[in-house]
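Written out below as structure tokens is the structure these notes cover.
The values are calculated or read from the model by the stated rules, or taken from the named source; none is laboratory data. Since we're looking at a predicted model, the values are computed, not measured. FYI the Cβ positions are ideal-geometry reconstructions off the backbone, even for glycines, and counts take in every protein chain you see.
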Amino acid sequence: MKEGIATTEPNQSMSTKESQVSKKKKGKMQWYKMDLHLHTPASDDWQEPEVGYLDLLRVAEMRGLDIIAITDHNTLAGYAAMQEEMVQLDLLERLGRIQPDEQQRLEEYRRIRSKILILPGFEFTATLGFHILAIFPPNTPLRALEHLLLQLNVPAERLDEGATEVGATVDVLTAYRRIDEAGGLVIAAHANSNHGVALKGLDFGGQTRIAYTQDRHLHALEVTDLEKRGRRTTTWFFSGRKPEYPRRMHCIQGSDAHRKTTHPKDPSRLGWGTRVTEILLPEPTFEAIKEVFLGDDFSRTRPYRPAEAPFDHVQAAREQGPSIVQSFHESMTQQGGRLHAVLRDVVAMANTNGGTIYIGVRADPKAPPVGIPDPEEAISILKAEIQRKITPPLNVEITTVETQDRQVLQLSVPAGEDVPYALDGSHIYVRQEAETHIALRDEIVALVRRKLLREAGPYLEIPQTEEPGVVANGIEPPRTGVQIIETVEQKGTLYHTMKDLRNGNIVHNVTRASARKLWRYAIHEHENNPVRADQVRWQGNLGLWKSSRRAGKVRYDLVQRMPDGQLCVYYGVTEDGIDGPWRIFLEE
């Protein structure tokens, strides 16, 4: 180790300056420009020689950054070297031995650091080569961070190399946990790109892939397609819509800069502050940043787009449309039951995956937003109604956001821990795809079981009532839609047992009269238009019976031929639930 790197004095000096940043800017909520993935000459793949640390800070200032993190590969050497230079200049000044050019450098450091929050961190290389950003408060002792690197199995003799490969380290999930327990922010670096935990085509098990992006110790995903929109983006994939990925993830972008400025002939080799995230904070502090990533308000981060209109996340949400984690209400008046409809959605999302509710806009992205005339009064009414009518108590964050010069309300509903939640004491709702429904008996039982299992952990065994998907020839069923697994007739009425492919819940005794929209469709097809094997478009043992646009989405009726010749029919499958070999029907 370099002498002086592991001392605590530089950090203490730095933290004093960082506190000046927060004191200067503390006040009402505002947007701050943030780049949490920056390398320095301490990384061995740095691309611009003879660049000093003060030069890099000047670039950060020139680009208007408010928050940066130094994240060299498996080392603190860059951050420590910058601190050490500052401490030495400060010491020379106190001893009266500082030269004019050194005094000028010292004043530049002080001036820039009074404007920019600089956070220590590193980019860790876990087992199998996955990269993880670990970012810490400015007053964290460097000895503690180097000790953490040693715990992550970075060899002591390689702590100053800044190498991307440092031998056999710990696995991804262990790294998440240890960084989190050490007080750091845990961000999956360039998650959808090289060395990313969500890169398509990785050859390992589905449960491992899910854990790498849903683990509770992981706070955010850094993605390279944050500025893109649509159903093919990483943000959309991890929005909570996917049944196997129910946890909605905060997604940000960073420069991953290995140069001071972007390469003139290769725009992919970005410079400092080239790819930036804006974050809405009351003050630019580490604690405020972490609070955003631990919260359920996903509108508080957005891609920074210079020389363009501000990113309108409400309009982007409307373009995605209603879903299991998103709904829209044009108003919340008592008349017409519109306020009641909002409260139903709150209860349903709390009982399902959580989600976001917008009030003041229709789901139709082409319709102009109506807005809320008096947002403060509306928020007061909503909070009172949620407190009075929803049990048990539920903490819903309500904020005012702007879209097309209109003020609308945004409700961030957490996935409830004390399920089932009820409206008016007895009405329990759940969210199914883009709709809210009154919960049926079997769904209420499933909610109660979920709570008991969460409270008891591994010490209580409760009989399983959710039926896992039947795997035939190594292929699982789709993950959205419904399946009719049994039909019986009683006194001339057909009673169906329905399986929700999203969560595996089984609901018994469903009739055509009592069925929800998708269930009603499936029952109608099952009773009046049964599948004929000779008319299915087969691809091996997988088949497409029909597809059509219903309720604003293309829905597929898919068929799977089992080894015993039985046909399993999956009705109303959306693109969200089509993975693996089933995707052949999307490609067609």
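Strands (runs of 3 or more DSSP E) fully within the range 506-588 that include at least 1 residues being within 30 Å of residue 491 (Cβ to Cβ): 506-510, 553-561, 567-573.
Residue-by-condition table, conditions (1) buried (at least 18 other Cβ atoms within 10 Å of the Cβ); (2) assigned to a strand (DSSP E or B); (3) in the same structural domain as residue 69 (by TED's automatic domain parsing):
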{"site": "123", "(1), (2), (3)": "yes, yes, yes"}
{"site": "144", "(1), (2), (3)": "no, no, yes"}
{"site": "149", "(1), (2), (3)": "yes, no, yes"}
{"site": "167", "(1), (2), (3)": "no, no, yes"}
{"site": "174", "(1), (2), (3)": "no, no, yes"}
{"site": "180", "(1), (2), (3)": "no, no, yes"}
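Residues in the range 333-346 that are surrounded by 21 or more Cβ atoms within 10 Å (Cβ to Cβ) and in contact with a Ser or Thr (Cβ under 8 Å, 6 or more places away or on another chain): 345 only. Condition check for residue 187 on (1) in a helix (DSSP H, G or I); (2) surrounded by 21 or more Cβ atoms within 10 Å (Cβ to Cβ); (3) among the β-branched types (Val, Ile, Thr): one failure, at (1). The test for being aliphatic (A, V, I, L, M), surrounded by fewer than 23 Cβ atoms within 10 Å (Cβ to Cβ) and free of Cβ contacts under 8 Å to residues at least 24 places away in the same chain does not hold for residue 363.
In the condition set (1) part of a loop (DSSP other than H, G, I, E, B); (2) within 30 Å of the chain's Cα centre (by Cα); (3) surrounded by fewer than 24 Cβ atoms within 10 Å (Cβ to Cβ); (4) at negative phi, residue 98 is compliant with all but (2). Of all the listed residues (234, 277), the sole one being touching an Asp or Glu at 6+ places or on another chain (Cβ under 8 Å), of a type in the set (S, T, N, Q) and under 21 Å from residue 433 (Cα atoms) is 234. Within the range 70-95, being among the hydrophobic types (A, V, I, L, M, F, W, C) and either under 21 Å from residue 187 (Cβ atoms) or within 40 Å of the chain's Cα centre (by Cα) (or both) holds for 70, 76, 77, 80, 81, 82, 86, 87.
Residues that are under 18 Å from residue 353 (Cα atoms) and in contact (Cβ under 8 Å) with a residue 60 or more places away in the chain within the range 205-235 comprise 219, 220, listed in sequence order.
The set of residues in the range 75-95 being part of a helix (DSSP H, G or I) and among the hydroxyl-bearing types (Ser, Thr, Tyr) consists of 79 alone. The listed residues are 357, 324, 379, and the only one of them that is of a type in the set (Val, Ile, Thr), in contact (Cβ under 8 Å) with a residue 12 or more places away in the chain, under 16 Å from residue 406 (Cβ atoms) and in contact with a Ser or Thr (Cβ under 9 Å, 6 or more places away or on another chain) turns out to be 379.
When residue 127 is tested against the conditions (1) buried (at least 17 other Cβ atoms within 10 Å of the Cβ); (2) hydroxyl-bearing (Ser, Thr, Tyr); (3) at pLDDT below 95, the lone failure is (1). Screening residue 388 against (1) buried (at least 17 other Cβ atoms within 10 Å of the Cβ); (2) charged (D, E, K, R); (3) free of Cβ contacts under 8 Å to residues at least 24 places away in the same chain leaves a single unmet condition, (1).
The listed residues are 5, 68, and the only one of them that is at pLDDT 95 or above and among the hydrophobic types (A, V, I, L, M, F, W, C) turns out to be 68.
All of 555, 502, 550 fail the test of being modelled with pLDDT under 90 and buried (at least 20 other Cβ atoms within 10 Å of the Cβ), apart from 502. For the range 201-218, a residue qualifies if it is out of contact with any Lys or Arg (no Cβ under 7 Å at 6 or more places or on another chain), of a type outside the set (A, V, I, L, M, F, W, C) and either surrounded by 15 or more Cβ atoms within 10 Å (Cβ to Cβ) or within 27 Å of residue 67 (Cβ to Cβ) (or both), and the qualifying residues are 209, 212, 213, 215, 216. Taken together, 219, 250 contain a single residue that is at pLDDT 95 or above, over 30 Å from residue 478 (Cβ atoms) and of a type outside the set (Ser, Thr, Tyr), which is 219. Residue 59 meets each of the listed conditions (1) β-branched (Val, Ile, Thr); (2) assigned to a helix (DSSP H, G or I); (3) free of Cβ contacts under 8 Å to residues at least 40 places away in the same chain apart from (3). Of everything in the range 494-505 that is in contact (Cβ under 8 Å) with a residue 40 or more places away in the chain and in a loop (DSSP other than H, G, I, E, B), the residue that is farthest from residue 243 (Cα to Cα) is 505.
The set of residues in the range 257-280 that are closer than 14 Å to residue 185 by Cβ and among the hydrophobic types (A, V, I, L, M, F, W, C) contains only 279.
Evaluating residue 513 against the criteria (1) of a type in the set (A, V, I, L, M); (2) touching a His at 6+ places or on another chain (Cβ under 9 Å); (3) loosely packed, with under 12 Cβ neighbours inside 10 Å leaves one unmet condition, (2).
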